1. Which whole number in µm²/s is D for the chain by Stokes-Einstein, with the Kirkwood Rh taken over Cα pairs at 25 °C and 0.890 mPa s?
2. Taking 0.36 nm per intervening residue step and subtracting the Cα-Cα distance, what contour gain separates Glu100 from Val346 on full extension?
3. Write down the Kirkwood hydrodynamic radius of segment 166-282, to one decimal in angstroms, obtained as one divided by the mean of 1/r over all alpha carbon pairs.
4. Between the helical axis of 291-303 and the dominant principal axis of the chain, each derived from Cα atoms, what acute angle in degrees is found, rounded to the nearest 10?
5. Helix 268-285 sits at what angle to the longest principal axis of the chain, using alpha carbons and giving 0 to 90 degrees rounded to 10?
6. Lys286: which aspartates and glutamates have alpha carbons under 17 Å from its alpha carbon, excluding same-chain residues fewer than 8 sequence positions away?
7. What fraction of the Cα pairs in segment 6-131, stated in percent, has a spacing above 23 angstrom?
8. What FRET efficiency comes out for the pair Leu10/Arg53, r = Cβ-Cβ distance, R0 = 30 Å, nearest 0.05?
Amino acid sequence: MAGKKRKKTLRTVHVNAGAGYDILIEPGILSYAGEHAARVCPKASKAAVVCDRNVFFPHAEPVEGDLWDAGLSCVQLLLEPGEEHKNIETYSEILAFLAEKRLTRDDVVVALGGGVTGDMAGFAAATYLRGIPYIQIPTTLLAMVDSSVGGKTAIDLPAGKNLAGAFCQPALVLCDPYVLKTLPERTFLDGCAEVLKYGALYSREFFDSLTDPESVKKDVARVIETCVTMKRDVVEQDEFDRGERKKLNLGHTAGHAIERCSAYRVTHGSAVAAGMAIMARAAAKKGYMPEEEARALEEKLKAFRLPADTEFTAAELAKAAMSDKKASQRTIDLIVPRRIGSCEIVRIDIADLQDWIETGLTW
Ligand code: GLY
């Protein structure tokens with residue numbers, strides 16, 4: 001690696017799920033992607049880089065350059081950005097690409113982009129040849145702290161988000177905080193919604209340490225490490241989403257409904273922010289959470305310039321949520337905050353969902 005000056009700022013979080021893998025967080029790590037890929041996939045001769053068109057410039061070049069340097073021949077597929085492309089057609093396009101480029105089970109898929117790219121490339125890797133290794137290189141804060149970790153891969157179906165997918169852990173996750181400097185501010189704030197979610201779920205101290213977007217920016221590597229450590233602990237306990245892991249869906253039932261009702265105009269992080277506020281108000285009004293705690297969550301979202309409400313009615317949101325994959329038969333598991341840093345899974349009758357949302361829409 002002559003000519004590349006290395007800083008000693010590497011943070012490593014090991015995840016004991018699947019075959020076990022590391023999440024490596026380091027400014028500039030994109031330029032060492034090949035070295036790391038060759039280490040975790042020693043038999044690979046090809047790397048298929050599946051990349052969001054928006055990310056291609058400027059992030060693909062250092063990644064692909066280092067893959068070539070590490071002896072991997074690189075093939076590249078560019079995807080259209082956006083949730084509206086997270087569908088069966090794009091999934092099929094990725095599979096056809098992997099087959100056309102003759103990737104084998106020893107080779108590796110590199111998912112370079114935000115959550116949509118990671119979910120789709122991961123699902124293609126999980127199913128092509130009944131599964132080949134893949135590496136997540138998330139380029140948004142949201143993907144770094146949430147979707148790239150834990151092995152949930154999926155595409156959307158017309159009936160709802162993430163309705164077809166597989167649990168398949170990556171071989172490695174590389175998070176480069178430098179990349180976040182190139183993000184549009186709104187995309188960064190969207191990621192902050194998932195960061196705040198971890199505080200609301202598991203740590204009052206972490207929640208309190210995040211005062212505004214600048215507080216995340218100035219210590220972003222530590223923030224990513226803290227979030228993925230919390231997520232790691234959950235995934236190790238409940239890889240297949242039967243219990244504790246469901247809590248990571250705080251704000252997601254209403255949030256996914258908001259995304260659907262807006263035809264994905266409202267982005268995931270913003271929808272989750274509004275969804276968390278809805279759940280907090282409902283929890284307070286139904287006696288699960290002190291009102292001042294719910295108001296503290298609402299105020300925090302506002303400090304991060306994230307939405308705490310929505311234009312859609314409870315009836316519209318409940319209808320959209322019914323086709324969510326988490327609605328099984330007559331009941332749905334809601335993640336209900338008890339206080340900042342602690343939430344509970346509450347199983348409700350599906351018929352009561354509209355009432356919960358209605359209760360939480362406003363004070
Ligand atoms: N994004 C929630 C989970 O990974 O379970």
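1. Numbers: Rh = 20.5 Å.
Approximately 120 µm²/s, per Stokes-Einstein.
2. 83.8 nm
3. Result for segment 166-282 stands at 15.3 Å.
4. Helix 291-303 sits at roughly 40 degrees to that axis.
5. For 268-285 against the chain, the angle is about 30 degrees.
6. Those aspartates and glutamates meeting the cut-off are Glu298, Asp333, Glu344, Asp349, Asp352, Asp355, Glu358.
7. Of all Cα-Cα pairs in segment 6-131, 30 percent lie more than 23 Å apart.
8. Working: r = 30 Å, r/R0 = 0.99.
Result of the calculation: an efficiency of 0.50.
The values are calculated or read from the model by the stated rules, or taken from the named source; none is laboratory data. None of the values given here were measured: they were computed from a predicted structure. With ideal geometry, Cβ positions are generated from the backbone for all residues, glycine too; neighbour counts draw on all protein chains shown. Note: areas computed on protein heavy atoms with side chains; ligands, DNA, RNA excluded. Shrake-Rupley method; radii C 1.70, N 1.55, O 1.52, S 1.80 Å.
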